[in-house]
Amino acid sequence: MTAVETEAESAAATFARPASRAARSSVGTIIAASMVGTTIEFYDFYAYGTAAANYFPHVFFSDTTNPTVALLLSLVTFAVAFLARPVGSLIFGHFGDSIGRKATLVVSLMTMGVATFLIGCLPGYDAWGVWAVLALCVCRFVQGIGLGGEWSGAALVATENAPADKRALYGSFPELGAPIGFFLCNGTYVVLEMFNDDAAMLAWGWRVPFLLSSLLVVVGLLVRVHMEETPAFRAAQQSQRVVKAPAVEVFRTSWRQVLQATFLVAVTYTLFYTLATWSLAWATKSDAQGGGGLGFSTKEYMTMLMVSVCVFAVFIVLSCVFADRLGRRRVIIGSSVALLVFAALFPLLMNRNVVGVHNTAAAMLFLCLGFALMGIAFGPIGALLPELFSVNVRYTGSGIGYNLAAIVGAAFVPSVATWLSSHWGVGSVGLYLGVMALCCLVAILTCHETRDVDYMQ
């Protein structure tokens, strides 16, 4: 061996040792960085969904004399951020695949956090008239832009730092941001409802969760600034596999995977916002207000949601453990079939003519079953979606698929479900969910198993 070769090997070993130590010493940071962002993401969306179902019809649409129309208009503003999310995934996906995961995640979190805080500062319709509604939609759109770059980057931070045989388990950390964010948001609303009457909640109480989100954003930024770039992206940089136009490359080489990703995730969005947003309005509002007259107060139903979301968290982790052992396809196929059965049965649990008024046992069974299936379907997605794409377009590809699913599966779910249930009863909402579950089943059957793919390629 020549002296030059010896020196080269020595330099390579010197470079590799610090990188290896950094990867080992930053595991806690990686977990926190991937989890905190999605926690804030889902916290922000739950805060808006809850406010849109309960407070915004009065705050921003008080000139509408028909309560059902006011609720529908409020829920339509909920869709604005979902329409913006694919735009955000294109913007942040471009930078995530070209300059790196770390810097992109910092900027996406700041964008999302500022927009959420401003929503909490907006005056209502009585003060600004239609300009208040316009400002709400603008803030919601900007929030969606930031959210468009959040999930895929967080999933890559987790899975690109994971051992090959534990990618699904590591991918569960950003997924756990969903129940954690939900628990924090609903807990805030429950506490506010305990100490304030309806007038106080409409006057200022609804703003508190949006303003408090700034604290979570500060924590998230501190964690992300100190995290390392992922090994997979560093390897792509060193081998000069970074592409200049990731979006073009994705649609040129991986359009099929984008479609698969969209319909794999869409059903989880439909199920979640059926459980968390539509059912909240359905269970707490009277027939005249566009609800199902189940007789629950907002505080009661939010408390039940907080209990059932713990089931969601448990099943996320369990499904990811089995996804690492059995493969992603088996778990998703099983969850899709189970969701078809649930879609056929759940209307019985939310029908006042079947279960009566204020039936806590039926409502809890509905929520716990739904969130358990949600956890099984949602858990493996953190690993499966990135595994569908090569490293040089992974941020863009998984982000576009995930955020298109937000439009297909979530953007209009509360509005569509409210309209369906008010015209054809709660059974039509179950049919809607069943169609989305069938689409997921078709999508996963067209996918190859991805558990053993080379994640560095």
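Counting only residues that are within 24 Å of the chain's Cα centre (by Cα) and open to solvent by less than 10 Å² (accessible area, probe 1.4 Å), how many does the stretch 347-373 have?
5
Any residue at all in the stretch 291-298 that's in a helix (DSSP H, G or I) and either out of contact with any Phe, Trp or Tyr (no Cβ under 7 Å at 6 or more places or on another chain) or open to solvent by 30 Å² or more (accessible area, probe 1.4 Å) (or both)?
Yes, some residue in the stretch 291-298 is in a helix (DSSP H, G or I) and either out of contact with any Phe, Trp or Tyr (no Cβ under 7 Å at 6 or more places or on another chain) or open to solvent by 30 Å² or more (accessible area, probe 1.4 Å) (or both).
Conditions (1) closer than 30 Å to Gly100 by Cβ; (2) of a type in the set (Val, Ile, Thr); (3) assigned to a helix (DSSP H, G or I), marked per residue:
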residue: Asn353; (1), (2), (3): no, no, yes
residue: Leu369; (1), (2), (3): no, no, yes
residue: Asn392; (1), (2), (3): yes, no, yes
residue: Thr396; (1), (2), (3): yes, yes, yes
residue: Gly401; (1), (2), (3): yes, no, yes
residue: Ala410; (1), (2), (3): yes, no, yes
residue: Pro414; (1), (2), (3): no, no, yes
residue: Leu433; (1), (2), (3): no, no, yes
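Right, Thr396: open to solvent by less than 10 Å² (accessible area, probe 1.4 Å) and more than 27 Å from Pro67 (Cβ to Cβ) or not?
Taking the combined requirement at face value, the residue satisfies it.
Run Ala288 past the list (1) assigned to a helix (DSSP H, G or I); (2) within 30 Å of Leu202 (Cα to Cα); (3) touching a Ser or Thr at 6+ places or on another chain (Cβ under 6 Å) and report the number of the one that doesn't hold.
Ala288 satisfies all of (1) assigned to a helix (DSSP H, G or I); (2) within 30 Å of Leu202 (Cα to Cα); (3) touching a Ser or Thr at 6+ places or on another chain (Cβ under 6 Å) except (3).
Looking at the stretch 115-155, which of its residues are within 30 Å of Thr29 (Cα to Cα), surrounded by fewer than 20 Cβ atoms within 10 Å (Cβ to Cβ) and of a type in the set (A, V, I, L, M)?
Hit for the stretch 115-155 is Leu118, nothing else.
What pairs can you find where one residue is in the stretch 443-457 and charged (D, E, K, R), the other is surrounded by 12 or more Cβ atoms within 10 Å (Cβ to Cβ) and part of a loop (DSSP other than H, G, I, E, B), and their Cβ atoms are less than 7 Å apart, with a gap of 6+ or different chains?
That search, which allows pairs on different chains as well, returns Glu449/Gly327; Arg451/Gly327.
Considering each residue of the stretch 194-218, count those that are within 25 Å of Val307 (Cβ to Cβ), in contact (Cβ under 8 Å) with a residue 24 or more places away in the chain and open to solvent by 30 Å² or more (accessible area, probe 1.4 Å), and give that number.
Qualifying residue count, the stretch 194-218: 4.
Do we find a residue being under 28 Å from Gly399 (Cβ atoms) and among the aliphatic types (A, V, I, L, M) anywhere in the stretch 187-202?
No; the residues of the stretch 187-202 include none that is under 28 Å from Gly399 (Cβ atoms) and among the aliphatic types (A, V, I, L, M).
If a residue has to be open to solvent by 50 Å² or more (accessible area, probe 1.4 Å) and not in a helix (DSSP H, G or I) to count, how many in the stretch 435-452 make the cut?
Looking only at that region, the number is 5.
For a quick check of your reading: which helices (runs of 4 or more DSSP H) sit entirely within the stretch 208-267 and have at least 3 residues that are touching an Asp or Glu at 6+ places or on another chain (Cβ under 8 Å)?
231-238
Can you find, within the stretch 219-277, the residue that is surrounded by the most Cβ atoms within 10 Å (Cβ to Cβ) among those that are within 17 Å of Ala158 (Cα to Cα) and of a type in the set (Asp, Glu)?
The selected residue is Glu228.
Answer yes or no as to whether Ala344 is in contact (Cβ under 8 Å) with a residue 60 or more places away in the chain, more than 30 Å from Leu156 (Cα to Cα), more than 19 Å from the chain's Cα centre (by Cα) and open to solvent by less than 10 Å² (accessible area, probe 1.4 Å).
No: the conditions fail for Ala344.
The values are calculated or read from the model by the stated rules, or taken from the named source; none is laboratory data. What you are looking at is a predicted structure, and each value in this text was computed from that prediction instead of being measured. Reconstructed Cβ throughout: ideal geometry from the backbone, glycine too, with neighbour counts over all protein chains shown. Keep in mind that these areas ignore ligands, DNA and RNA; they rest on the heavy atoms of the full protein, side chains included. Shrake-Rupley method; radii C 1.70, N 1.55, O 1.52, S 1.80 Å.
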